[in-house]
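A short reminder: the numbers here are calculations on the coordinates, not readings from a lab. Here the structure is a predicted model, which is why all the values come from computation and not from measurement. Positions of Cβ are backbone-derived with ideal geometry, glycine not excepted, and every protein chain shown enters the neighbour counts.
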2 protein chains.
Amino acid sequence: MAGQTKKAMDTTVNGVDVDRLKSTVQAMEAVPELAKFTFRVTNRWMKGGLNRTTIGSFRGAGAENHRDAFVIDNAEPSLVVGEDEAPNPVEYLLHALVGCLTTTFVYHAAMQGVRLRAVESQVEGRLDMRSFLGVREDLHGGFEAVHVRFRVKADCSEDELALLMDVARRRSPLANFVLRAVPTSVVCEAM
Amino acid sequence: MAGQTKKAMDTTVNGVDVDRLKSTVQAMEAVPELAKFTFRVTNRWMKGGLNRTTIGSFRGAGAENHRDAFVIDNAEPSLVVGEDEAPNPVEYLLHALVGCLTTTFVYHAAMQGVRLRAVESQVEGRLDMRSFLGVREDLHGGFEAVHVRFRVKADCSEDELALLMDVARRRSPLANFVLRAVPTSVVCEAM
């Protein structure tokens, strides 16, 4: 038992089990199919701007991975004719974006042996509600621009820090999602 | 009081106060500046793949709008070397996407007087984890594809339903976010 504890302490950097992470990487190098993940959610409208998402199992590493479901709500603030019971979808997107950049940054720092003391970020996104509400046909409804600002305390030089953040920006699924258009299908059928 | 209740019932469709929504639209038509919204979140890394977001005030309708903060976590499942304390960022994005499409659909249905009985959706996104983990330089880390499927029970024809879903896809901020690349800056400074 003492030996196991010592081993766990030795291979954990930034709370990431680096041995296990590197084993995962090696497995995916050997069998690319293990790297194909499918995440999915279901959603049910409640009323007005309130709807409820259930997040359960996902496919990854060649198998279906079951876990207890998470249930989270989208809502709209009063100014957008809602009751503000939960964050709105645009805020969830910003949450996902900074969270994904952070995790990608932390994991790659761990694999490179860089110890982190603090990672804080703020992000803001501007949008023009006239598209969402149908006032203007010529505006698209998405963000006009997104600005992310990180502050990091780490045992490395500022140059190494900049390189690590560049890795995060290139590797983060959410950052890539923001930077690129994704082929998306939306199908609707009557019940 | 009885009069107020009657009025509220008359102008509410699908839980949306249509009178208030149309007043909002008219105000934005008259003063476009009112339509400029800025949403923002802050995030703090906890450990490993766990980080915590705080969502507070936002700017909209020409003013700062204060409200009680929401606090939500990102985490990673065990297969991605996490402890599964919360959904991961990719799942939050899917949650935001279907929620935004749903709300846009519901609001425009309300403005057109279409009464909805049920709106359910499922979405899945596929990605290759080899980019996120640095195994492959030539893959981007975002979704390869996203598929959204809606089932709707509404007091309208199937053609009207298809037109309404098309409005949702064109008007939803998140759908536009998925379909387009957004100018994004990521700045990082050492503490």
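For the range A:61-73, the Karplus equation 6.51 cos²θ - 1.76 cosθ + 1.60, evaluated at θ = phi - 60°, returns couplings of 6, x, 8, 7, 10, 8, 7, 4, 6, 9, 10, 9, 10 Hz by residue, with Gly and Pro reported as x. Fraction of C-alpha pairs exceeding 35 angstrom in the protein assembly as shown: 26 percent, rounded to a whole number. Taking all C-alpha pairs of chain B, those more than 20 Å from each other amount to 70 percent.
A cut-off of 5 Å between modelled amide H atoms, ignoring neighbours fewer than 5 places along the same chain, links B:MET46 with B:ASN51, B:ARG52. Between this copy and the others, label points of B:ALA30 are 7.0 nm apart in ascending order, each placed 7 angstrom from Cα in the Cβ direction.
Pick from B:HIS108, B:HIS95, B:HIS140 the residue whose mean-square fluctuation is largest in a GNM of chain B, springs joining Cα atoms under 10 Å. Of B:HIS108, B:HIS95, B:HIS140, the Gaussian network model singles out B:HIS140 as fluctuating most.
Placing unit charges on the Cβ atoms of the charged side chains and taking the dipole of chain B about its Cα centre, the candidate lying farthest along the positive direction among B:HIS147, B:GLY99, B:PHE58 is B:PHE58.
Counting from the shortest, the label point at B:ARG151, 7 Å from Cα toward Cβ, is 4.9 nm from the same position in each remaining copy.
From the alpha carbon centroid of the range B:68-105 to that of the range A:17-42 is 20 Å. Here the Karplus curve 6.51 cos²θ - 1.76 cosθ + 1.60, taken at θ = phi - 60°, turns the phi angles of the range A:105-117 into couplings of 4, 5, 5, 6, 4, 4, 5, 8, x, 8, 8, 9, 9 Hz, with x standing for Gly and Pro. At q = 0.15, 0.16 Å⁻¹ the log10 of I(q)/I(0) for the range A:117-187 amounts to -0.70, -0.76, computed by Debye summation with a single uniform scatterer per C-alpha, solvent ignored. Counting Cβ atoms of other protein chains within 10 Å of each Cβ in B:78-86 and taking the mean gives 5.
Using only Cα coordinates, the Kirkwood hydrodynamic radius of the range A:68-117 works out to 13.3 Å. Just so you know, the Rg over Rh for the range B:19-102 is 1.13, from Cα atoms, with Rh as the Kirkwood radius.
For B:ASP84, the residues 5 or more places off, or on other chains, whose built amide H falls under 5 Å of its own are B:GLU76, B:SER78. For the range B:154-174 versus the range A:135-165, the spacing of their alpha-carbon centroids is 33 Å.
Using the Karplus relation 6.51 cos²θ - 1.76 cosθ + 1.60 with θ = phi - 60°, the per-residue 3J(HN,Hα) values for the range A:141-154 come to x, x, 5, 6, 7, 10, 10, 10, 10, 9, 10, 10, 10, 9 Hz, with x marking Gly and Pro.
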